[in-house]
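The values are calculated or read from the model by the stated rules, or taken from the named source; none is laboratory data. Just so it is clear, the structure is predicted and the values come from calculations on it, not from any experiment. Every residue, glycine among them, receives a Cβ derived from its backbone with ideal geometry; neighbour counts consider all protein chains shown. Surface areas here come from the heavy atoms of the whole protein model, side chains and all, with no ligands, DNA or RNA. Shrake-Rupley method; radii C 1.70, N 1.55, O 1.52, S 1.80 Å.
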Amino acid sequence: MFPVAERFVSINGEGKKAGELAVFVRFRQCNLRCTYCDTQWANSDDCPVEMMSAEDIVGYVKSTGVTNVTLTGGEPLLQNEIYELIEKLMVNGHNVEIETNGSISIEKLSQKSFRPDFTLDYKLPSSCMESFMLTENYKYLSGNDVVKFVVGNREDLKKALEITKTFALTEKCTVYLSAVFGKITPAEIVEFMKEKNLNKIRLQLQMHKFIWNPDLKGV
């Protein structure tokens, strides 16, 4: 059974499928506590949830008529039976993306027959969670995956560039720079990209936060 904190249909606000419709399934609990987290309400053990089986979730997703599925949190890789759910969704013709915080191994999931697409965070210094990052994960990336750097200041930008170069990330997957909402402007990120000639790295805006109130749930 899965502790589902939230489920809804919206557009993908970020990532390679930004602007496309997706079904979002948000699970309770996270092992990190980032300073800028915008879903803190879902991270605690006492967050109200709906307990759903894999079959329940697949039935809900099918009922929406939407193909893309985003499994998020909290931290979805804390769910022990996550592969069972992924397999059932993909067998039913859904594209599955997992948004994960970068601290838990993706090795086993990346080698399964039904492999999801990974949007993998690297938590930069301003998050206060950088020490938990598992760079071993970069060995398992594919061209369908994303590494996302959420930046809050210029020091974060410098570290994002360092990590990208050290692990040759642009040769393995798509790399995004995304602003901590209200902490750094997109223009500042673009200026850094121009200054450093950051080819193959993309600026990403959290589209949903521009369309709706940034604090609104279910979007």
Item to complete: With respect to residue 127, determine if the residue is open to solvent by 60 Å² or more (accessible area, probe 1.4 Å), over 27 Å from residue 68 (Cα atoms) and among the polar types (S, T, N, Q).
Response: no
Worksheet entry | Residue satisfying all of: in region 12-25; of a type in the set (A, V, I, L, M, F, W, C) and out of contact with any Leu (no Cβ under 6 Å at 6 or more places or on another chain); surrounded by the fewest Cβ atoms within 10 Å (Cβ to Cβ) among these | 21
Practice prompt. State all residues of region 97-109 that are touching a Phe, Trp or Tyr at 6+ places or on another chain (Cβ under 8 Å), closer than 26 Å to residue 66 by Cα and of a type outside the set (S, T, N, Q); if no residue qualifies, say none.
Written response: 97, 98, 106, 109
Worksheet entry | Complete set of residues in region 115-140 that are out of contact with any strand residue (DSSP E or B) (no Cβ under 7 Å at 6 or more places or on another chain) and outside any helix (DSSP H, G or I) | 115, 123, 128, 129, 134
Item to complete: State yes or no: is residue 95 open to solvent by 20 Å² or more (accessible area, probe 1.4 Å) and modelled with pLDDT under 95?
Response: no
Practice prompt. Sort through 80, 31 and tell me the only one that's under 15 Å from the mean Cα position of the chain (by Cα), surrounded by fewer than 17 Cβ atoms within 10 Å (Cβ to Cβ) and under 19 Å from residue 106 (Cα atoms).
Written response: 31
Worksheet item: Does at least one position in region 29-43 carry a residue that is within 20 Å of residue 132 (Cα to Cα), out of contact with any strand residue (DSSP E or B) (no Cβ under 7 Å at 6 or more places or on another chain) and of a type in the set (Lys, Arg)?
Response: yes
Item to complete: Read through the list (1) touching a helix residue (DSSP H, G or I) at 6+ places or on another chain (Cβ under 8 Å); (2) surrounded by fewer than 16 Cβ atoms within 10 Å (Cβ to Cβ); (3) outside any helix (DSSP H, G or I), then give the number of the only condition that residue 143 fails.
Response: (1)
Worksheet item: Pairs under 7 Å by beta carbon, first residue at pLDDT 95 or above in region 68-86, partner open to solvent by 30 Å² or more (accessible area, probe 1.4 Å) and aliphatic (A, V, I, L, M), six or more apart or different chains?
Response: 68/21; 75/104; 77/104
Discussion item. Please go through region 86-108 and give me each residue that is more than 19 Å from residue 12 (Cβ to Cβ) and assigned to a helix (DSSP H, G or I), ordered by number.
Written reply: 87, 88, 91, 107, 108
Worksheet item: In region 189-206, how many residues are in a helix (DSSP H, G or I) and either surrounded by 15 or more Cβ atoms within 10 Å (Cβ to Cβ) or on the phi > 0 side of the Ramachandran plot (or both)?
Response: 3
Worksheet entry | Contacts under 8 angstrom Cβ, first residue in region 162-188 being more than 18 Å from residue 142 (Cα to Cα) and open to solvent by 80 Å² or more (accessible area, probe 1.4 Å), partner among the aromatic types (Phe, Trp, Tyr) and part of a loop (DSSP other than H, G, I, E, B), 6 or more apart | 181/36; 183/36
Practice prompt. Go through the residues of region 47-55 one by one and say whether even a single one is open to solvent by 10 Å² or more (accessible area, probe 1.4 Å), part of a helix (DSSP H, G or I) and either of a type in the set (Gly, Ala, Ser) or under 30 Å from residue 172 (Cα atoms) (or both).
Written response: no
